[in-house]
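These notes are about the structure you will find just below.
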Amino acid sequence: MIILALESATDLVGAALLGEGPPRPPVTEVGGRRHAEALAPAVQQVCQDAGVPLAEVDVIAVDVGPGLFTGLRVGVATAKALGQGLGIGVVGVSSLDILAAAAVARRPAGSPCSVVAVVDARRSEVFAARYRFDGNDPAAWDPATSQVSPPARFAPQALVDELADGTADATATADATADEPLVLVGNGVARYQALFDQLRPLEPLPGPELLAPPPEILAGLARLRLQGGAMASDPVDVLPHYLRDADASINWEQRVPVTASPAPAGTTDPDPGNPS
């Protein structure tokens, strides 16, 4: 099985191929909002480097968010187009699941922890989800099966307060997870590092290369789920998970004044020249 993974949920844009042999290096680009310009060349380059034509790809994997609105639209639209054109299915994977799996992949077996994946949502908000890694084989761990709290949108301080309350509750009840380290990952943590530094016991951010979901981890998660019995979706059924309206929609709603409800039939406006 050959899986082509498309990543564009954050500022990083990239592609990775995963087949039966050893993993090949992904092709990535970071910078600005050049998702539409960068994704297709990344796909072309990763296939060329692997010597695998697109026609031999069996499944498309795509990051469905949450993340940047434009990036998600580009990634999902590309996955749909490739899936339909090649007649193959698409596996959508959460950006937060990918980040959590990437962080755990760096940990040794037998080292349980809590993992919080945080993506910068702009507008002074973050998207986040919390997981628990049991310490078994990191390569066989699927964050979706170990989710403590689902993906949600937070003000950064509100997320820190919620995580602090959870740690306090575990300590008060002598919970076995109270002494486990808290692993934070994602560009949302880096942006609000001073706030997250309040949390203990806290491990350092895994590294700048894990600020964004790695496409090779996306490919690995897709394969893990397919091997576990999950089915790839029809391309038309794959949708991005925005977790909020687009910025353009928010700006429009803030600019357009609320209008009065139309008068019931049979009534007249006593002063048509006065809209108030």
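Only the coordinates and a few stated rules stand behind these numbers; no lab work does. Small disclaimer: the values here were computed from a predicted structure and weren't measured. Backbone-built Cβ (ideal geometry, glycine too); neighbour counts: all protein chains shown.
Residues whose amide H lies under 5 Å from that of Gly89, counting only those 5 or more places away or on a different chain, are Ile60; hydrogens are built 1.01 Å from N in the peptide plane. For segment 108-210, a crude dipole built from +1 on the beta carbon of Lys and Arg and -1 on the beta carbon of Asp and Glu, taken about the Cα centre, is about 400 debye to the nearest 20. Going by a ≥ b ≥ c, the root eigenvalues of the Cα gyration tensor, does segment 1-128 fall in the rounded group (a/c under 1.5), the prolate group (a/b larger than b/c) or the oblate group? Taking the square roots of the gyration eigenvalues as a ≥ b ≥ c, segment 1-128 is oblate. Per-residue packing, averaged as other Cβ atoms within 10 Å, sorts the ranges 205-214, 7-16, 47-56 into the order 7-16, 205-214, 47-56, beginning with the highest. Full extension of the chain segment joining Gln227 with Leu54 gains 60.1 nm, where the gain is 0.36 nm per residue of separation less the Cα-Cα distance. Peptides 151-157, 102-108, 195-201 ranked from most to least packed by the mean count of surrounding Cβ atoms within 10 Å: 102-108, 151-157, 195-201. Here segment 95-149 and segment 1-34 have alpha carbon centers that stand 19 Å from each other. Tell me which residues come under 5 Å, amide H to amide H, from Ala121 once H is placed; ignore anything under 5 positions away on its chain. So Ala121 has HN proximity to Val126, Phe127. Sorting the segments 117-128, 60-71 by their mean number of nearby beta carbons within 10 angstrom, highest to lowest, gives 60-71, 117-128. Neighbours of Gly19 by Cβ distance under 13 Å: Lys/Arg scored +1, Asp/Glu scored -1, total -3.
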